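> For reference, the structure I am asking about is given below.
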Amino acid sequence: MKVRRALTIGRMIERTDLSRASFYRHQREAPPEPDPDMNLWDAIQRIALEMPSYGRPRITAELRRRGWTVNAKRVSRLMREDNLLCVRRRRFVVTTDSEHALRVYPNLARQMVLTDVDQLWVADITYVRLQEEFVFLAVILDAYSRRLIGWELDRTLEAGLTLAALRMALARRSHHRLAG
C-alpha cells in the first residue's frame, strides 16, 4: 500500500474504520512462504512412480544420487504424510514337482460344461505361514458355484488332512440335498 504524504496513517485508519492494531497487523503479515518440502515431495513422487517397489531407503539413496542432500527421516515423514507405500513384488514359489516318474492322469474336467452344482468338485492344498510354524490347509470347492464346501487345517501334510476335508464336503452336500 502506497502512502501519499498528505495522507497520514491516522487519517487512513479514520477513513477505513480500522483499528490502529489491525492496520499494523496487516502491514506485518507477509505473503505465505512456499512449502520448503514441495520440491522434495515432487522428486519423491516422481521416483515412486518410476520405481514402485522402492521404499524409504531406496528412495533416499536415489534422491542423493540425483543431487539432493536429504535426511532419511525427512523422506520417511514425507512418504508417510503422502501415504506412499512401496509395492512389493512377491516371488513365485514353485511348490509342485512335475518332474517325477509317477503316472500323470489327463485333466478330464477341462472339457466339462457345468450346468449345476455338485457336478464337479475341485481341491487344493496350500500352506499357511504362522508366526512360529506352518500349517496346511486342504479345501474342496464346487466348481460351478465356486463355493467352499469342505476344508481342513492340520500341522502335517498326511492323508488325514484331505480325507477330513472330503468328509466335510460330503456331509455338507448330503445335508444340502436333503434340505433342498
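Only the coordinates and a few stated rules stand behind these numbers; no lab work does. These numbers come from a predicted model, not from an experiment. With ideal geometry, Cβ positions are generated from the backbone for all residues, glycine too; neighbour counts draw on all protein chains shown.
> In debye to the nearest 20, how big a dipole does the chain give about its Cα centre with +1 on each Lys and Arg Cβ and -1 on each Asp and Glu Cβ?
On the way: 32 positive and 22 negative charges, 269 e Å.
Computed about the Cα centre, the dipole is about 1300 debye.
> Expressed in nm to one decimal, what extension gain is obtained for the pair Thr126 and Asp82 from 0.36 nm per residue of sequence separation less their Cα-Cα distance?
This chain segment gains 12.2 nm when fully extended.
> Cα-Cα pairs above 13 Å in segment 38-81: how many percent?
For segment 38-81, the share of Cα pairs beyond 13 Å comes to 44 percent.
> Taking neighbour Cβ counts within 10 Å as the exposure measure, how do Glu14, Glu99 sort from fewest upward?
Glu99, Glu14
> Also, quick follow-up: At a Förster distance of 30 Å, what's the computed FRET efficiency of Asp42 paired with Arg20, Cβ-Cβ distance as r, to 0.05?
0.10
> Quick one: grab Rg to one decimal and Dmax as a whole number for segment 108-179, Cα atoms only, in Å.
For segment 108-179, the Cα-based Rg and Dmax read 13.8, 44 Å.
> Report, by chain and number, residues whose modeled amide H sits under 5 Å from the one on Ile149, excluding near sequence neighbours (fewer than 5 apart, same chain).
Ile140, Leu141, Asp142
> In the calculated pair distance distribution of the chain, what percentage of Cα-Cα distances lie above 20 Å?
Everything past 20 Å amounts to 76 percent.
> Need the full-extension length gain, Asp154 to Arg167, defined as separation in residues times 0.36 nm minus the C-alpha distance. One decimal, nm.
Extra length from Asp154 to Arg167 when fully extended: 3.2 nm.
> For an R0 of 30 angstrom, estimate the FRET efficiency from the Cβ-Cβ distance between Tyr144 and Ser98 and round to the nearest 0.05. Each step should come with its number before you reach the end.
Numbers: r = 28 Å, r/R0 = 0.92.
So the FRET efficiency works out to roughly 0.60.
> Expressed as a whole number of Å, what is the distance separating the alpha-carbon centroids of segment 89-126 and segment 129-145?
15
> Using +1 at the C-beta of Lys and Arg and -1 at the C-beta of Asp and Glu, which of His100, Tyr127, Asn39 has the Cα lying farthest in the positive direction of the dipole of the chain?
Farthest towards the positive pole: Asn39.
> What is segment 69-156's relative contact order, in percent, from Cα pairs under 8 angstrom and six or more apart in sequence?
Details: 82 pairs, mean separation 15.8, N = 88.
Computed over segment 69-156, the figure is 18 percent.
> If you don't mind, another one. Whose amide H sits under 5 Å from the amide H of Tyr54, counting only residues 5 or more places off or on another chain, with H placed in the peptide plane?
The answer is Val87.
> Compute the distance in nm between two label points, each set 7 Å from the Cα along the Cα-to-Cβ direction, one at Leu137 and one at Met51.
About 3.4 nm, to one decimal.
> Taking θ as phi - 60°, what are the ³J(HN,Hα) couplings along segment 117-133 by the Karplus curve (6.51, -1.76, 1.60), each to the nearest whole Hz, with x for Gly and Pro?
Listing the rounded values in order: 6, 6, 8, 8, 10, 10, 9, 8, 10, 9, 10, 10, 8, 9, 4, 10, 7 Hz.
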